[in-house]
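Let me give you the structure first, and then I'll get to my questions.
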């Protein structure tokens, strides 16, 4: 059985990596072939220079992403079949507590993965984004964010990791169900505290001061029956030139957040249209549905792990010499995403349908004209390619391609 799983894992990893690289190459070629002509629907608002900038930006990111994919697949093979997890585990043989040893193992593997990912993140920020005029982050801020993420990850992750490993060891045959319940509650807690406790750890959030815009937004919120704790402006310009707006929080802790860069680019009518789109997500319960979907996926995943945890072939097939609770949980976190790679098109399709629904809601409660104008500005200013490869877009993109979206509006 272990040989079957090992061969299956190798085949699935090779196939998923190959598909990703093939789609990325298609995307690069498609964008390159269409970079010298602005689509007719955008000719009045986007210059050829802006269109070509977006094309080159998409190509640079895709090429970097392909390299990252190869490195991540190689690292996964090294950690599992290459025996690196077992080698790291032996470094902690002097620790007498199995639970503490498992925690040390998992943290060490996560640290190694972060180190491998660091050069790609650094290159994306200070080479690609810098070259295209998007990066506003200093190297000091970049590494300060990494430090904060590490501290926050330890503060939030260590308790839930301790609980998970304790349950694997002491909660009996249904440990996976109890862990699923705890994990679900933990995620709801994070959603609830994120606006007021976590987000300010990285950015500054100030109340919206523009009284005219605030009055316009409050009227829209009242019309749509939406209640929030406030309207805030985030200093997105401290890190990037990209603009955005979003809802954050859960239950009574909902906030509406605008990037300061967005407010600089859009007029009041366009901002209202963007907000109406976001309210469409609220109206159609998209956030709640995604939470339920996440809970369902984690339930199925943990149920599978509940079975695999006691199967010796599971460990042998994936390079683990001495099975432990920590190695079981680690394999689940590392190998699981490889097997769910092929449902990405379904998830992307569902997400794009949500965006269409939100756009229809915005047309009804605001203005299709101003929503189109705001989207065109965001496509231009964020250097979003107007001509992605259709197959690549269908597989990965959570938002509809620009031409489809504008056409529907």
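Suppose we filter 95, 59 for residues that are surrounded by fewer than 16 Cβ atoms within 10 Å (Cβ to Cβ) and touching a helix residue (DSSP H, G or I) at 6+ places or on another chain (Cβ under 6 Å); which single one remains?
95
Based on this model, can you work out whether residue 282 counts as in contact with a helix residue (DSSP H, G or I) (Cβ under 8 Å, 6 or more places away or on another chain) and closer than 22 Å to residue 340 by Cβ?
no
Against the conditions (1) loosely packed, with under 14 Cβ neighbours inside 10 Å; (2) modelled with pLDDT of 90 or more; (3) over 26 Å from the mean Cα position of the chain (by Cα), where does residue 166 fall short? Just the number, please.
Status for residue 166: all satisfied but (1).
Identify the residue in the range 219-229 that is more than 26 Å from the chain's Cα centre (by Cα) and surrounded by 13 or more Cβ atoms within 10 Å (Cβ to Cβ) and, among all such residues, is nearest to residue 273 (Cα to Cα).
220
Does any residue of the range 150-162 turn out to be surrounded by 13 or more Cβ atoms within 10 Å (Cβ to Cβ), over 23 Å from the mean Cα position of the chain (by Cα) and on the phi < 0 side of the Ramachandran plot?
yes
Moving to a separate point now. Please indicate, with yes or no, whether at least one residue in the range 297-310 is surrounded by 16 or more Cβ atoms within 10 Å (Cβ to Cβ), in a loop (DSSP other than H, G, I, E, B) and without any contact (Cβ under 8 Å) to a residue 40 or more places away in the chain.
Scanning the range 297-310, I find no residue that is surrounded by 16 or more Cβ atoms within 10 Å (Cβ to Cβ), in a loop (DSSP other than H, G, I, E, B) and without any contact (Cβ under 8 Å) to a residue 40 or more places away in the chain, so the answer is no.
Moving on. Give me the residue from the range 230-259 that is within 11 Å of residue 205 (Cβ to Cβ) and surrounded by fewer than 17 Cβ atoms within 10 Å (Cβ to Cβ) and, out of that set, farthest from the chain's Cα centre (by Cα).
230
Which residue pairs have Cβ atoms under 7 Å apart, sit 6 or more places apart or on different chains, and have a first residue in the range 7-18 that is touching a residue at least 60 places away in the same chain (Cβ under 8 Å) and a second that is not in a helix (DSSP H, G or I)?
The qualifying pairs are 9/318.
Given the criteria surrounded by 14 or more Cβ atoms within 10 Å (Cβ to Cβ) and assigned to a helix (DSSP H, G or I), does residue 14 qualify?
no
Please pick out the residue among 325, 354, 382 that is closer than 22 Å to residue 89 by Cβ and either touching a helix residue (DSSP H, G or I) at 6+ places or on another chain (Cβ under 6 Å) or surrounded by 15 or more Cβ atoms within 10 Å (Cβ to Cβ) (or both).
Checking each option against the conditions leaves just 325.
Please pick out the residue among 309, 369 that is in contact with a helix residue (DSSP H, G or I) (Cβ under 9 Å, 6 or more places away or on another chain) and under 29 Å from residue 51 (Cβ atoms).
369
Which of the residues that make up the range 73-83 are in contact (Cβ under 8 Å) with a residue 60 or more places away in the chain and either over 11 Å from residue 335 (Cα atoms) or exposed (fewer than 14 other Cβ atoms within 10 Å of the Cβ) (or both)?
81, 82, 83
Can you name the residue in the range 269-296 that is in a helix (DSSP H, G or I) and surrounded by fewer than 14 Cβ atoms within 10 Å (Cβ to Cβ) and is also modelled with the lowest pLDDT among such residues?
288
Only residues that are in a helix (DSSP H, G or I), without any contact (Cβ under 8 Å) to a residue 24 or more places away in the chain and surrounded by 14 or more Cβ atoms within 10 Å (Cβ to Cβ): list them for the range 169-180, please.
Answer for the range 169-180, where residues must be in a helix (DSSP H, G or I), without any contact (Cβ under 8 Å) to a residue 24 or more places away in the chain and surrounded by 14 or more Cβ atoms within 10 Å (Cβ to Cβ): just 178.
Test of understanding: among 134, 120, 143, 111, which residue is more than 30 Å from residue 83 (Cα to Cα) and at pLDDT 95 or above?
None of the other options fit; the residue is 143.
Of the conditions (1) surrounded by 17 or more Cβ atoms within 10 Å (Cβ to Cβ); (2) assigned to a helix (DSSP H, G or I); (3) under 21 Å from the mean Cα position of the chain (by Cα), residue 349 clears all except one; give me its number.
It fails just one condition, (1).
Tally up the residues in the range 56-72 that are over 16 Å from residue 23 (Cα atoms) and in contact (Cβ under 8 Å) with a residue 60 or more places away in the chain, please.
2
The values are calculated or read from the model by the stated rules, or taken from the named source; none is laboratory data. Because the structure is predicted, anything quoted here is derived from the model rather than measured. Note: ideal-geometry Cβ built from the backbone for every residue, glycine included; neighbour counts use all protein chains shown.
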